[in-house]
Amino acid sequence: MSFLFLFLLSLAPLFHSSSPLPYPYNTSFHIDCGSSTPSTDSYNISWLPDKFFTGGSTSVVSEPLHFHLQHEKTLRYFPLSSGKKNCYNIPLPAGRYYIRTFTVYDNYDGKSHSPSFDASVEGTLVFSWRSPWPESLTRDGAYSDLFAFVKDGLLDLCFYSIATDPPVIASLEVVQIDPLSYNSAQTGDSYILVNYGRLSPGSSQWGPGFTSDPDAFGRSWQSDSDYRAGKSESAKVITTKEKITGTEKAPNYFPMKLYQSAVTIEGRLEYELPVDAKLDYLVWFHFAEIDSTVKKAGERVFDVLVNDKNVSRVDIFKEVGGFAAYSLNYTEKNLSSSVLNVKLSPVAGAPLICGLENYAMVPADLATVPEQVVAMKALKDSLCVPDRMGWNGDPCAPTDWDAWEGVTCHTNKNGTGLVITQMNLSTNSLDGTLPIGLGKKSLARLDLSDNQFSGSIPESLTSSNLQLVRLNNNLLEGRVPEELYSVGVHGGTI
């Protein structure tokens, strides 16, 4: 699966509101990847030195003066010696989060070869970068963002190298948001919303990362001009300094500035938004009647069409009156094309729009069942597993990639999660003790032979359904649990 990015130029200041979000949504991290020192930007936002990573090395872009912000100049990259899977594991309260990355290459390694790699959030593939990158992206970098739920107290943002290409990241931001935002009460908490376009018609780039205009969620908004289609390229821009009512409210906290500009045109207003096929898309429309000459219902009426399907008839004044925010959303199911077409077709007067958002609804991938995640992380710690094996993040997810090296996984019986059915870690020079919780019902084959394990054989192995057990040529001591011998008695191998 390949995901298109909203490529945002990185040459403007990065802004974050200094005031906390409404309680209890006040958890945030701003991590300067690759940096060894903390810093504070011109907006008094504190950036943490690089932390929470599982491996990799640090570097600096080849042209530091090309970037105005400190956190865009340094980066962390993950060479193959760190394993094919590396992660940032950030401890967070359970909830919903806005996650934003800045990715840049800028020939930091002098090889003139932009890398190919994938990235996942909470075990679900969300971004795919493929070489060669466009020249502007290679040099300037790009911000990409999404909304995701974290349920286990730890955010996993993981990177997967393709061939020998090292994944790269320059900065990582995580902001807690309202869990009911963007219709989650109806769509559920099992989707990740990946940004494919967040447009502010009539405005230039603004919001966090580009101007000092605030957005409580940290969102940035860009001009719609590149996405207008056909005659809509000549649409008229209208603005107001009047206060717009109904903004900055839970659960979405849409900023007032969004509704203080709009575009309108005599005739049909049309947008073409690039997307990836075979996904559902959540499209969010924002309106406000900011033309003071419209004084009553019926004077401005238009139909909203998505891929030529009429999804709503809009009369802004009838819904909320003048200078008031009005939003609606629509989900386009199983899109089959690479373009999502939006039209505002006039019924009375000229159509008008203040904002347009488009998010891919990426279904959360199956994850390893929690008790096995705990057991495998304990196993990793006790065995001193080397970085090259890439034992980071979820042991089995995402299903688009291989599980941890030496680990085989399958879907559990009720299809709700992934379980580990086989471990072949033989001849890996592993040492340490075998953890107490190693044995699991789903585990059928275990080969730990020809290593340097010490201590005793855990009793938990006797409660699993093992068909093969190989523990020979180690430094184990003590008795072999009698129940393990039954593996051989019943046709298995021990």
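Below, the figures for the structure above:
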quantity	calculated
Residue count for segment 310-321, restricted to those that are open to solvent by less than 50 Å² (accessible area, probe 1.4 Å) and either at pLDDT below 95 or among the hydrophobic types (A, V, I, L, M, F, W, C) (or both)	3
Contacts under 8 angstrom Cβ, first residue in segment 418-439 being part of a loop (DSSP other than H, G, I, E, B), partner open to solvent by 30 Å² or more (accessible area, probe 1.4 Å) and of a type in the set (Val, Ile, Thr), 6 or more apart	437/374; 439/462
Subset of segment 225-275 that is more than 14 Å from residue 356 (Cα to Cα), in a helix (DSSP H, G or I) and modelled with pLDDT under 95 - its residue that is least open to solvent (accessible area, probe 1.4 Å)	232
Test: residue in segment 279-302 that is open to solvent by 30 Å² or more (accessible area, probe 1.4 Å), modelled with pLDDT of 95 or more and hydrophobic (A, V, I, L, M, F, W, C)	yes
Matching option when the condition is under 23 Å from residue 386 (Cβ atoms), without any contact (Cβ under 8 Å) to a residue 24 or more places away in the chain and either touching a Leu at 6+ places or on another chain (Cβ under 7 Å) or not assigned by the TED database to the domain that holds residue 408 (or both), among 448, 461, 443	443
Any pair with Cβ under 8 angstrom, 6 or more apart, that starts in segment 53-74 at a residue that is within 17 Å of residue 42 (Cβ to Cβ) and ends at one that is open to solvent by 40 Å² or more (accessible area, probe 1.4 Å) and outside any loop (DSSP other than H, G, I, E, B)	73/60; 73/64
Residue selected from segment 22-74 under the condition in a strand (DSSP E or B), more than 26 Å from residue 254 (Cβ to Cβ) and of a type in the set (Phe, Trp, Tyr), by the criterion modelled with the highest pLDDT	53
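The values are calculated or read from the model by the stated rules, or taken from the named source; none is laboratory data. All values derive from a computational prediction rather than experimental measurement. Every residue, glycine as well, gets a Cβ built from its backbone with ideal geometry; the counts of neighbours run over all protein chains shown. Accessible surface is based on the protein model in full, side chains and every heavy atom, while ligands, DNA and RNA are left aside. Shrake-Rupley method; radii C 1.70, N 1.55, O 1.52, S 1.80 Å.
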